[in-house]
Amino acid sequence: MPKRKSNCRRENSSSANLEQSSQRNPVAQGSIEYDERGEFINANIIPNAEDSGESDSDISINGNSDDSSEDDSGSEQVDDSTTTFIVNSYDDVYKSYSGSQKKLENDHQYEWLNREHNHNRTFTNEIFLKNSDKESILKSTPTNLFECFFTLEMKDHIIECTKINGCEMSRTELDVFIGIIIFTTYIKRLSQRDYWSTDSHLRAEPVVSAMSRKRFEQIKSKIKFHKLEERNNTDRIYRVRKLTDIFRKNLMRYGIFSTVLSIYEMMLKFYGRTVLRQFIKGRPVRFGIKMWALCCANGYLFDFEIYCGKNSDTDGVLSKCTLGNRVVVNMLQVVFSTVTLRNRDQLHIYFDNLFTSPDLLIHLKKYGLCATGTVRENRVCVKNSIQKKDDRGKYEVKHDQNSGLNFLTVMDSKPVSILSTAAGATPLSPVLRRQKGQKEKRELDFPRAFLIYNKFMGGVDLRT
């Protein structure tokens, strides 16, 4: 591929340069709204009303163009651009949301064609960590790594809140208390007091030598995670809100360093009494507190949010949108806020049919993020004619001409559908499947979108 040359330069004379850029760029022949912020520009490229949405040039999310006919070597270049990206900072994007809107892309018109849209992309799980961070992680002990995230700021907050509740303790005592909690999750007894038992078969010497039972029970009964002034009856998790906010900030200490991200629900096992307790059938942890999580394919947690129930205040300005749209947009705030437009096209987001809809994927692509997810049939206005009686491996694909969104359905053990703005059906790849009436598995050619979904989705499951 030839190197792409930027059509837009950031200089002091930003307005003039932006207007010159629009004259060179065939997509931006409509009008441009821009807002100067120091040496940077927020630019909205608005196409003409009669524009079909397709372009004669390949426009990337960085505003770069490329000759889509042939390069110097004579190989044909695939035009992978069907929409005009709005180049905004995420603050401006978030402010544009309305509390009354029910869709993220109200004005999008779908034009479905009976073929795939070719996406010229490769998919790898690349990790971008600074060499200094890699060396620091490799040299760290498990305790050091734990304290990278459970920091002094968190400890001091707990100590201060507990002191207000009538129990003073030092950092060392808090460390010992947390250590005992972790120890007892691995070495289990029927009763908490058994760890301090005089019976040698029950007694746990590491616990006994670290802290007395009386002091442990005193701290456990008095420990608090919030102050009185932080009380908020509209927020169901106000008691741990400050603590979780600090922890979320610590999770991002290395930034978004993985090119593969997945969004899913995860469960914290809990059988106590709380309005937050959920039941999810078929999950490894069925009872507990549900959280939405953003993870990489290797299981590292980038961000999370505790689910507080329907119509909670944490739904924000998109309260009338579907739950899946709200969750994905909220989880990707850290991506929009920390990853530049230039680097967003390296990322690929995965989620399952709880979240996936055409509206969501088109919205993410508009702001530079490609996504792939399984989808429920009733969320797409068109149908692929795949029946349960069809042979395994049979597939059908359509795409939306105005966005490049691919809609694929393949017959596996049952018909499965996928939406993707990053992959299509080709090239087909072999997978081992068992056919009806046969004991031996044999190779079948499956669409590419299904292969990459099965390969990279599931980072959240590594944590549940």
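With q set to 0.17, 0.19, 0.28 Å⁻¹, the log10 of I(q)/I(0) for the stretch 209-275, from the Debye formula over equal scatterers at the Cα positions, is -0.99, -1.08, -1.23.
Accessible area per residue was computed with a 1.4 Å probe on protein heavy atoms; SER212 scores about 60 Å². Derived scalar couplings between HN and Hα for the stretch 129-141 equal 10, 4, 4, 5, 5, 4, 5, 5, 5, 5, 8, 7, 7 Hz in order, rounded to whole Hz, by the Karplus curve 6.51 cos²θ - 1.76 cosθ + 1.60 (θ = phi - 60°), x for Gly and Pro.
Available extension along the chain between GLU168 and GLU377 is 69.5 nm, counting 0.36 nm per residue and deducting the alpha carbon span. In the assembled protein chains, CYS381 presents an accessible area of approximately 100 Å² (probe radius 1.4 Å). Using a probe of 1.4 Å on the protein chains alone, the accessible area found for LEU432 is around 100 Å². Proximity of backbone amide H atoms, modeled 1.01 Å from N, is registered between GLY288 and PHE270, GLN278 at under 5 Å, excluding neighbours fewer than 5 places apart on the same chain. Under the combined filter of DSSP loop state and at most 13 neighbouring Cβ atoms within 10 Å, the stretch 396-464 retains these trypsin sites (Lys or Arg not before Pro): LYS436, LYS439. Of the residues CYS308, ILE280, MET252, the one whose Cα sits farthest towards the positive end of the charge dipole of the stretch 227-342 is ILE280 (charges of +1 on Lys and Arg Cβ, -1 on Asp and Glu Cβ, taken about the Cα centre).
Loop-located trypsin sites (Lys or Arg not before Pro) across the stretch 168-252 with a Cβ neighbour count of 13 or fewer within 10 Å are LYS188, LYS227, ARG231, with loop assigned by DSSP. Under a model in which nothing but the beta-carbon of Lys, Arg (+1) and Asp, Glu (-1) is charged, the stretch 130-266 shows a dipole of about 240 debye around its Cα centre. 3J(HN,Hα) along the stretch 95-112: 5, 6, 5, 10, x, 9, 6, 9, 10, 6, 10, 5, 9, 6, 9, 8, 10, 7 Hz, from the Karplus curve 6.51 cos²θ - 1.76 cosθ + 1.60 with θ = phi - 60°, whole Hz, x for Gly and Pro.
Using a simple spin-label model with pseudo-atoms 7 Å out from Cα toward Cβ, ASN131 and THR151 lie 2.6 nm apart.
For the pair the stretch 206-248 / the stretch 184-204, the C-alpha centres are spaced 23 Å from each other. Computed about its Cα centre, the charge dipole of the stretch 353-416 is approximately 100 debye, with only Lys, Arg, Asp and Glu carrying charge at their Cβ.
Computed from phi, the 3J(HN,Hα) profile of the stretch 268-283 under the Karplus parametrisation 6.51, -1.76, 1.60 (θ = phi - 60°) reads 9, 4, 7, 10, x, 9, 7, 5, 7, 5, 10, 10, 10, 5, x, 8 Hz, with x in place of Gly and Pro. Projecting the Cα atoms of MET211, THR162, ILE180 onto the charge dipole of the stretch 158-226, computed from C-beta unit charges around the Cα centre, puts THR162 farthest toward the positive end. Among residues other than SER136 with Cβ under 11 Å from its Cβ, the summed charge is +2 (Lys and Arg +1, Asp and Glu -1).
Suppose every Lys and Arg Cβ carries +1 and every Asp and Glu Cβ carries -1, with no other charges. What dipole size does the stretch 374-446 come out with about its Cα centre, to the nearest 20 debye? Walk me through the numbers before you get to the answer.
Details: 15 positive and 9 negative charges, 88 e Å.
Dipole of the stretch 374-446, to the nearest 20 debye: 420 debye.
Legend: calculated FRET efficiency, ASP194 to MET252, from the Cβ-Cβ distance at R0 = 51 Å, rounded to 0.05, equals 0.80.
At 20 °C and 1.002 mPa s, what whole-number value in µm²/s does Stokes-Einstein give for the translational diffusion of the stretch 334-464, with Rh from the Kirkwood sum over Cα pairs? List each step's numbers first, then the result.
Values: Rh = 15.8 Å.
Answer, rounded: 136 µm²/s.
Ordered by solvent-accessible area of protein heavy atoms (1.4 Å probe), largest first, the residues ILE127, ILE386 come out as ILE127, ILE386. Positive end of the charge dipole of the stretch 253-390 (Lys, Arg +1 and Asp, Glu -1 on Cβ, about the Cα centre): tell me which of VAL334, VAL380, GLY368 has its Cα farthest that way. The residue sitting farthest along the positive end of the dipole is VAL380.
The values are calculated or read from the model by the stated rules, or taken from the named source; none is laboratory data. These numbers come from a predicted model, not from an experiment. Neighbour counts are summed over all protein chains in view; Cβ atoms, including those assigned to glycine, are modelled from backbone coordinates with ideal geometry. The protein model used for the area step is the full one, side chains on, heavy atoms only, and it has no ligands, DNA or RNA in it. Shrake-Rupley method; radii C 1.70, N 1.55, O 1.52, S 1.80 Å.
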